[in-house]
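Input: a single structure, listed below in structure tokens.
The values are calculated or read from the model by the stated rules, or taken from the named source; none is laboratory data. Please read all numbers here as calculations on a predicted model, not as lab measurements. Ideal geometry is used to build each Cβ from the backbone, glycine not excepted, and the neighbour counts take in all protein chains shown. Remember, those area values only see protein heavy atoms, side chains included, never the ligands or the DNA or RNA. Shrake-Rupley method; radii C 1.70, N 1.55, O 1.52, S 1.80 Å.
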Amino acid sequence: ARARYHHDRGDQEAYARDLERARTASRNLVNLGEIRLSEWKLHEAEMWFTRAIDSDPDWSEAYIGRANARMWDGWFEGAIADASEAIRVDPRSSLGYLTRGNARRARGDFEAAVRDYDEVIELANRLPEGWERQGALALAYAYRGVCRVELGYPAGLEDCEKGVAVAPDYAEPYLFRAMALVRLDRWDDGERDLVRAVECEGAWLTPEQR
């Protein structure tokens, strides 16, 4: 509110100072939310993310965090709404599209999820080489592949292959390729990918994925 007051008065220096204070407070609250999320304390995580949004309504990471908490708690509509808000705040947020795609996939809306993953791939391809680009592409290909298999397109497995190729040391591309393989009745291949996912060093799997 104070930042908006200074903005409306044309005091750009005070506005920038207030905005930075709000962003710092929001970042700290988001960090608390992420800790609770990693502990699977979903309601507490949602509370911290909500406080972060109240502190700084233009901080996309807070909406993404709350979207994940809501999605993992089974509230898919709320998760989609939050991810959409993150995209509105930051249209270049590949993580916003990825999160909305995940919520739509969890709800069973595979076609809409594919469209979101398409956006992730387009945005990620504009990024310089690095872990952010690699991670976004690996996950988007893996998730899109599973959705396409669910829609009856066996060629969706090719997307999963791309995800593994982009990030061969990440667990999730193997995990989602395993899901696609099982849907195609290739159980032995799926089991091998599950073993590989667990073996990936430093990989983080949620309790639900385990």
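Identify all residues within region 147-175 that are in contact (Cβ under 8 Å) with a residue 12 or more places away in the chain and either of a type in the set (Gly, Ala, Ser) or open to solvent by less than 10 Å² (accessible area, probe 1.4 Å) (or both); write none if there are none. Within region 147-175, Cys147, Gly156, Asp159, Cys160, Gly163, Ala167, Ala171, Pro173 meet the criteria. Criterion applied to Gly33, Gly10, Gly74, Gly65 was being part of a loop (DSSP other than H, G, I, E, B) and at pLDDT 85 or above, and the one residue passing it is Gly74. Of the residues Ile35, Ile64, which single one is among the aliphatic types (A, V, I, L, M) and surrounded by fewer than 17 Cβ atoms within 10 Å (Cβ to Cβ)? It is Ile35. Checking each residue in region 125-148 for being of a type in the set (Gly, Ala, Ser) and under 15 Å from Pro168 (Cα atoms) picks out Gly130, Gly135, Ala136, Ala138, Ala140, Ala142.
Criterion applied to Arg192, Arg196, Arg186 was being buried (at least 18 other Cβ atoms within 10 Å of the Cβ) and basic (Lys, Arg), and the one residue passing it is Arg196. The requirement of being surrounded by fewer than 17 Cβ atoms within 10 Å (Cβ to Cβ), within 14 Å of the chain's Cα centre (by Cα) and modelled with pLDDT under 95 is not satisfied by Arg23.
Residues in region 116-145 that are in contact (Cβ under 8 Å) with a residue 12 or more places away in the chain, closer than 17 Å to Ala165 by Cβ and assigned to a helix (DSSP H, G or I): 16 in all.
Name the single residue that is modelled with the lowest pLDDT among those in region 113-127 being among the charged types (D, E, K, R) and surrounded by fewer than 22 Cβ atoms within 10 Å (Cβ to Cβ). Here the answer is Arg126.
How about region 71-90: which of its residues are open to solvent by 30 Å² or more (accessible area, probe 1.4 Å) and of a type outside the set (S, T, N, Q)? Trp72, Asp73, Gly74, Trp75, Phe76, Glu77, Ala81, Glu85, Arg88, Val89, Asp90, listed by residue number.
Of all the numbered requirements in (1) modelled with pLDDT of 95 or more; (2) of a type in the set (D, E, K, R); (3) open to solvent by 20 Å² or more (accessible area, probe 1.4 Å), Asp54 misses one, and that requirement is (1).
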